[in-house]
1. Label points 7 Å out from Cα along the Cβ direction at Asp180 and Glu121: separation in nm?
2. Using alpha-carbon pairs under 8 Å, 6+ residues apart, how would you state the relative contact order of the chain in percent?
3. Taking amide H positions as placed in the peptide plane 1.01 Å from N, state which residues far from Val109 in sequence (5 or more) or on other chains have amide H under 5 Å from it.
4. Output wanted: per-residue J couplings in Hz (rounded whole) for segment 158-165, from phi through Karplus 6.51 cos²θ - 1.76 cosθ + 1.60, θ = phi - 60°, x for Gly and Pro.
5. Given a cut-off of 20 Å, name the pairs among Lys18/Lys228; Lys18/Lys120; Lys5/Lys84 whose C-alpha atoms lie farther apart than that in the structure shown.
6. For Asp26 and Glu145, FRET efficiency with R0 = 30 Å and r from the beta-carbon atoms, rounded to 0.05?
7. Amide H of Phe56: which non-local residues (sequence gap of 5 or more, or other chain) have their own amide H closer than 5 Å, using H built in the peptide plane?
8. In nm, what is the difference between 0.36 nm times the number of residues separating Ser166 and Ser3 and their Cα-Cα distance?
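No value in this document is a laboratory result; all are computed from the given coordinates. Bear in mind the structure is a predicted one, so any value in this text is a computation, not a measurement. All Cβ positions, glycine included, derive from the backbone under ideal geometry; neighbour counts span all protein chains shown.
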Amino acid sequence: MWSKKKHAVFFEALKSNKLLKDLPEDELHKLLLEMDEVVWPDNTCSIHLQRTSHYFHFIVSGRLKVYQVEKHSGREFTFFLLEKADAFDILCLLDGCEHDVYYETLDRVVLLSLPMQRMKEWIQKHPGINRNLLPYLSHQMRVLEEYATNVTLVDIPTRLARLILSNVNLESLELELINDLSNEELANLIGSTRAVVNRHLQQFKNEGIITLGRSKVRLINLDLLLQKASNNGA
């Protein structure tokens, strides 16, 4: 069993989870007792998990990308970046089928896992979890809808500006979640290539929108970024 300190960390992680936020604390403690800790090392590539059709995972810490690869060209497209307060795989939970995507850790990822059948039983016992599934899925659908719109209708500089804008803390102007990603990873998020993203980041820098440090983008002019993000390429 875990130490009191680790138990407290895990409990707070579950408490902040988007699906479990309405679960009473005593029930959260019971749920935690049924879970296993799973640790995936950072930069573990191309985890194609059959495990996701048998276990439901809650992220305690770290970032995990969910992506697909075109087998002939090797091109990647990233659907989501998951982090603390996220859970997966919802589709497997709903339909019981394996989800044909790949997973890759961007950091050391700590998970709490529960057999899929037990997770379904917890949902049946606590309808509040089921109610939280709908807005969580709705958010993911909106993300995919925006991706589809951007890739088909919007030019690459605008896509890149919108990606940066969607990950900026508007109070501190600090870039979050994607702040230390490589240009290749940024390209995978907007359906482009590393070389093209690098060229447009340099353009943003020259225009006074951002500064570029070692593996880090820093926003310096929010108004200019907003103008760039609103450009539909017409």
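1. Distance between the two pseudo-spin positions: 4.0 nm.
2. 19 percent.
3. Correct list: Trp40, Asp42.
4. In residue order, the calculated couplings are 5, 4, 5, 4, 5, 4, 4, 4 Hz.
5. Listed pairs above 20 Å: Lys18/Lys228.
6. That gives a FRET efficiency of 0.20.
7. For Phe56, whose amide H was placed from the backbone, the distant partners under 5 Å are Leu114, Met116.
8. Going from the current span to full extension adds 54.9 nm.
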